Amino acid sequence: MIDVTDRIQIHEDELAFEYVRASGPGGQNVNKVSTAVRLRFDVQNSPSLPFDVRERLTRLAGKRMSNEGILMIHAQKFRTQESNRKEAVERLVDLIRKASERPEIRRPTRPTTGSKLRRLDAKRRRGETKAGRKAPETGGD
């Protein structure tokens, strides 16, 4: 069991790992050993995730989420399978933790009386400044 939060735990059987060859530097090791990890997690059918967390996770995942509701994480930072596997699981746990945080509800507020008065005062002063730039009108008939 992987502890995500105090109320969410993911069973390791829900995670599917695939090992592929990594790109980048590493010499012959890159060509011979499959060290990169692709982690697959079925978000839509996971019994471990509550509905609200599932919805937020789908939105957070973006392009990493397939049309079938499977989250894919690709890890190839390290040169060993085990390190990349740990990193992929950590990234999944971080993503689920972010999704488990309930967004704060925004309550619309109105401007205070003082802020309205300051705004109107600033507008009046700005208008007086601009009016002072005009050429005085001649009173000729």
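Restricting attention to region 82-113 and to residues that are of a type in the set (Ser, Thr, Tyr) and not in a helix (DSSP H, G or I), the residue that is surrounded by the most Cβ atoms within 10 Å (Cβ to Cβ) turns out to be 112.
Considering every residue within region 116-130, establish whether at least one is among the hydroxyl-bearing types (Ser, Thr, Tyr) and surrounded by fewer than 10 Cβ atoms within 10 Å (Cβ to Cβ). Yes. Residue pairs whose Cβ atoms lie under 7 Å apart, sitting 6 or more positions apart in sequence or on different chains, and linking a residue in region 63-81 that is within 20 Å of residue 94 (Cβ to Cβ) and outside any strand (DSSP E or B) to a partner that is modelled with pLDDT of 80 or more and of a type in the set (D, E, K, R), are 69/42; 77/87; 78/87. Search region 90-111 for residues that are without any contact (Cβ under 8 Å) to a residue 12 or more places away in the chain and pair each with any residue that is surrounded by fewer than 15 Cβ atoms within 10 Å (Cβ to Cβ) when their beta-carbon atoms are under 9 Å apart and the residues are at least 6 apart or on different chains. Listed by first residue and then by second, the contacts come to 111/119.
Restricting attention to region 60-95, the residues that are farther than 17 Å from residue 17 by Cβ and modelled with pLDDT of 85 or more total 1. The lone criterion from (1) exposed (fewer than 10 other Cβ atoms within 10 Å of the Cβ); (2) over 30 Å from residue 1 (Cα atoms) left unmet by residue 63 is number (2). For region 45-52, the condition holds for no residue, the condition being that it is under 30 Å from residue 2 (Cα atoms), in a strand (DSSP E or B) and touching a helix residue (DSSP H, G or I) at 6+ places or on another chain (Cβ under 7 Å).
The values are calculated or read from the model by the stated rules, or taken from the named source; none is laboratory data. Predicted model only: the values in this text are computed from it and were never measured. Positions of Cβ are backbone-derived with ideal geometry, glycine not excepted, and every protein chain shown enters the neighbour counts.
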